[in-house]
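One structure is given here, and the rest of the page talks about it.
The values are calculated or read from the model by the stated rules, or taken from the named source; none is laboratory data. Only a predicted model underlies this, so the values are computations on that prediction, with no experimental measurement involved. Reconstructed Cβ throughout: ideal geometry from the backbone, glycine too, with neighbour counts over all protein chains shown.
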Amino acid sequence: MHLRLKNKKTTPAQCPFQLDKLFMFLYCLLGLTIGSSQDIPETFKKTVDSLITKAPIDYLDIHSVMRKYKTDTLLMRYFSTASLNKEYTSGQIYSYNELGRAYRNKSQYVRAVELHKKALSIANKANDIEFKVASLNDLGVVYRRISSIRTAMDYNQQAIELAETVKKEDRSKNLQKSINVSLNSIGNLYNRLDQYDQAIEYFKRSLVLETELGNTLGMAINYGNIGKCQESLGELDEALENYRTSLAYNEQINDDMGRVICKTNIASVYLKKGRINEAEKLLLPTLPTAKRIGDGFLVSPIYINLGWGDMVNGDYADAEKNILEGLRVAEKFNIRNEAARASHLLTDLYQKTNAYKKALEYNIKATELEEEIVNENTVRYVNDIIYRYDSEKKNSEIQILAKEKEAVQMKLRNSYTTLLIGGIALALLAGIFYILYRQYQLKNEKKVLTLEQSMLRSQMNPHFLFNSLNSIKLYIINNEQKNAVHYLNKFSKLVRKILEASSLREIPLAEELETVELYMNIENIRFSNEINFKIRVDEGIDTHTVKIPSLILQPFLENAIWHGLSPKSGEKIVDLHITKDKQDFIHIAISDNGIGRIAAEKIKQNKVLKRKSVGIDITKERLANFSKDLQNSFEVEILDLYDAQQKPLGTKVILHIPTI
């Protein structure tokens, strides 16, 4: 409902405030009407009165009292009205968000969006970061349900950026959960965009944090989402394992919605494996539960999967009936991705039954739905480009007008003295600007030289030189002349390459790989050649034409050896894998099977002499300087690797280096 106030005495600044007040008044009036027409339990009224009197501002404090009532929209509206009357802001935000979630789970997305936006507006006025983050995440989830991917991404990205403005040690448990929700939501959006590797990465990050918090629901959701990506990648056995893990967690917390989602997903894998009867045995008992919950997001895929199974079994009549019902539910609640899936299945069904006209109609419908989702994802990006273009165009027009004005003023000046003064002033100004520009250039050149010198000192580390020569000396003492000569040649070649590369801004990737291979061979002497070092380069990458900053990989390899592998016993592996994507980025991943960063940090803290490693910091500065003149900027990711039991498996460092 849209309201417009017409009052000549009302200032523009007052209108939004009065509209909000009027909206809140009408909403509360509706809540009071409903509340008075039905019986609100006295025990609940007393609970609300007590809560508002105490007026806690933390979400978890409110949730501990209202948790068991949160899905009852009647009681939540009563709480909302009571909070508004008593000007209890936190209660208003909480009730609006819980009402929004309740309506979202009943597929009433328009009402859900209105309520979450209302909660966000109040949270913004109160400057409550926790409630702002929660409201932004809720909006992201609703828009994801209706396949508005870009809008959903905007809200979830805003949520995580806002949450991370709070220092890690100052974050409440609820804010930590909200960050996990953001990570999970962004992972789901990447899944919708078929970017499964990125999606899995976000789900795993969220899973680690949820496990640390002991949040069983969050763990269940992330295991299920990882399974969804694996299913899309064709890794059906792995997907099935994760779905079953997710189902076990949902059984543990007695979550009906989670059970429905997991069983629907497991049935989908059974269908792909040809286990039709097993899929139907799961889906048929699950359908009544999904209908009772009342969420079209749950009901639609069950009908569609039942129809899919019927079609595989050759029962085309039941297949048509079930898929059409799934399509009807998806269209009713604007679940476009399921509507597109149903349309594709109907296309196949009508081809099998020789109803080619219908097959063509549904094929067109599926294509239009998919294009609609994609187009909606790109609208905002296009609008941003147009906005930037318009801004630049206006700035150019302003500059042209300014120059024309100056030209007119110059023509009006009849005095030679005025012109002379103006000329002198301009000359002085140009001189000042030139001096400032030269100072800026010199400062940048000095910074680059300083970085190069620091980089060279890092590469030619005295400890490394001493240890390497000592190891070669040991070969000589032990009369192992061949080994001594072999490694001495490698050492001299490495030193020469480092000195040559230090004078260059960039070198071919092939030369950098040769340098690090020499470095690893020398370092491996200290470890009795126990380190298994591998270099893998994907097909299609010409290492001789790809240019990267010189000597950027050695600091990361040194870090992996001395902090990850040095304290480790047994097999030691360092893997360097080079890939390239379609967006002109070279990705260099350095993985080790060491003890992990947490254990390494503990060892470092226990050492009496703490050696400060500056090589990586210098490398990051050099990468930033290297990408300054390119369209894209570099990124460095450091990932902790864990097994299924969350035991450390090592560390992975990924350098994302732009090539244009």
Report task. Kindly provide the set of residues from the range 342-365 that are closer than 30 Å to Gln108 by Cβ, touching a helix residue (DSSP H, G or I) at 6+ places or on another chain (Cβ under 6 Å) and either of a type in the set (D, E, K, R) or not in a helix (DSSP H, G or I) (or both), ordered by number. Result -> Lys365
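Being closer than 17 Å to Ile302 by Cα and crowded, with 19+ Cβ neighbours inside 10 Å is the requirement here; does Tyr196 meet it? Explain how you work it out, then say what you get.
Values: closer than 17 Å to Ile302 by Cα: no; crowded, with 19+ Cβ neighbours inside 10 Å: yes.
No: the conditions fail for Tyr196.
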Report summary line: When (1) assigned to a helix (DSSP H, G or I); (2) modelled with pLDDT of 80 or more are applied to Asp542, the one that fails is (1)
Requested in this report: Evaluate the following for Asp237: is it modelled with pLDDT of 90 or more, out of contact with any Leu (no Cβ under 8 Å at 6 or more places or on another chain) and among the charged types (D, E, K, R)?
Outcome: yes
Requested in this report: For the range 235-245, state whether one or more residues are crowded, with 16+ Cβ neighbours inside 10 Å and touching a Phe, Trp or Tyr at 6+ places or on another chain (Cβ under 6 Å).
Outcome: yes
Query - Odd one out for Cys262, checked against (1) in contact with an Asp or Glu (Cβ under 6 Å, 6 or more places away or on another chain); (2) under 26 Å from Leu207 (Cα atoms) - result: (1)
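Within the range 333-364, count every residue that is of a type outside the set (A, V, I, L, M), surrounded by 14 or more Cβ atoms within 10 Å (Cβ to Cβ) and free of Cβ contacts under 8 Å to residues at least 24 places away in the same chain.
From the range 333-364, those of a type outside the set (A, V, I, L, M) are 333-334, 336-338, 341, 343-344, 347-348, 350-354, 356-358, 361-363; that's our starting set.
Filter once more, keeping what is surrounded by 14 or more Cβ atoms within 10 Å (Cβ to Cβ): 333-334, 336-338, 341, 343-344, 347-348, 350-351, 353, 358, 361-363.
Filter again for free of Cβ contacts under 8 Å to residues at least 24 places away in the same chain, leaving 344, 347, 350-351, 358, 361-363.
Total meeting the criteria: 8.
Every residue, every condition in (1) within 30 Å of Thr651 (Cα to Cα); (2) touching a strand residue (DSSP E or B) at 6+ places or on another chain (Cβ under 6 Å); (3) among the polar types (S, T, N, Q); (4) surrounded by 22 or more Cβ atoms within 10 Å (Cβ to Cβ), yes or no:
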site: Lys132; (1), (2), (3), (4): no, no, no, yes
site: Arg171; (1), (2), (3), (4): yes, no, no, no
site: Glu201; (1), (2), (3), (4): yes, no, no, no
site: Thr211; (1), (2), (3), (4): yes, no, yes, no
Report summary line: Exactly one of Thr216, Thr211 is within 27 Å of the chain's Cα centre (by Cα) and without any contact (Cβ under 8 Å) to a residue 40 or more places away in the chain, and that residue is Thr216
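Just to be sure, is Asp256 surrounded by fewer than 19 Cβ atoms within 10 Å (Cβ to Cβ) and either free of Cβ contacts under 8 Å to residues at least 12 places away in the same chain or out of contact with any strand residue (DSSP E or B) (no Cβ under 7 Å at 6 or more places or on another chain) (or both)? Write out each step before concluding.
Values: surrounded by fewer than 19 Cβ atoms within 10 Å (Cβ to Cβ): yes; either free of Cβ contacts under 8 Å to residues at least 12 places away in the same chain or out of contact with any strand residue (DSSP E or B) (no Cβ under 7 Å at 6 or more places or on another chain) (or both): yes.
Here the answer is yes, as Asp256 does meet what is asked.
For the range 105-119, give me the residue count where each residue is surrounded by fewer than 22 Cβ atoms within 10 Å (Cβ to Cβ) and part of a helix (DSSP H, G or I).
If we filter the range 105-119 for residues that are surrounded by fewer than 22 Cβ atoms within 10 Å (Cβ to Cβ), which is where we start, we get 105-106, 108-111, 113-114, 117.
Pick out the ones that are also part of a helix (DSSP H, G or I) and you get 109-111, 113-114, 117.
Summing the residues that are surrounded by fewer than 22 Cβ atoms within 10 Å (Cβ to Cβ) and part of a helix (DSSP H, G or I) in the range 105-119 gives 6.
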Query - Top-ranked residue of the range 527-539 - restricted to ones that are more than 27 Å from Leu474 (Cβ to Cβ) and in a loop (DSSP other than H, G, I, E, B), ranked as modelled with the highest pLDDT - result: Asp538
Query raised in the report: Do the conditions hold for Glu278, that is, is it in a helix (DSSP H, G or I), under 33 Å from the mean Cα position of the chain (by Cα) and free of Cβ contacts under 8 Å to residues at least 40 places away in the same chain?
Result: no
Query raised in the report: From the residues in the range 164-200 that are in contact (Cβ under 8 Å) with a residue 60 or more places away in the chain and of a type in the set (D, E, K, R), which one is nearest to Ser246 (Cα to Cα)?
Result: Arg192
Requested in this report: For the range 529-543, state whether one or more residues are surrounded by 13 or more Cβ atoms within 10 Å (Cβ to Cβ) and more than 33 Å from the chain's Cα centre (by Cα).
Outcome: yes
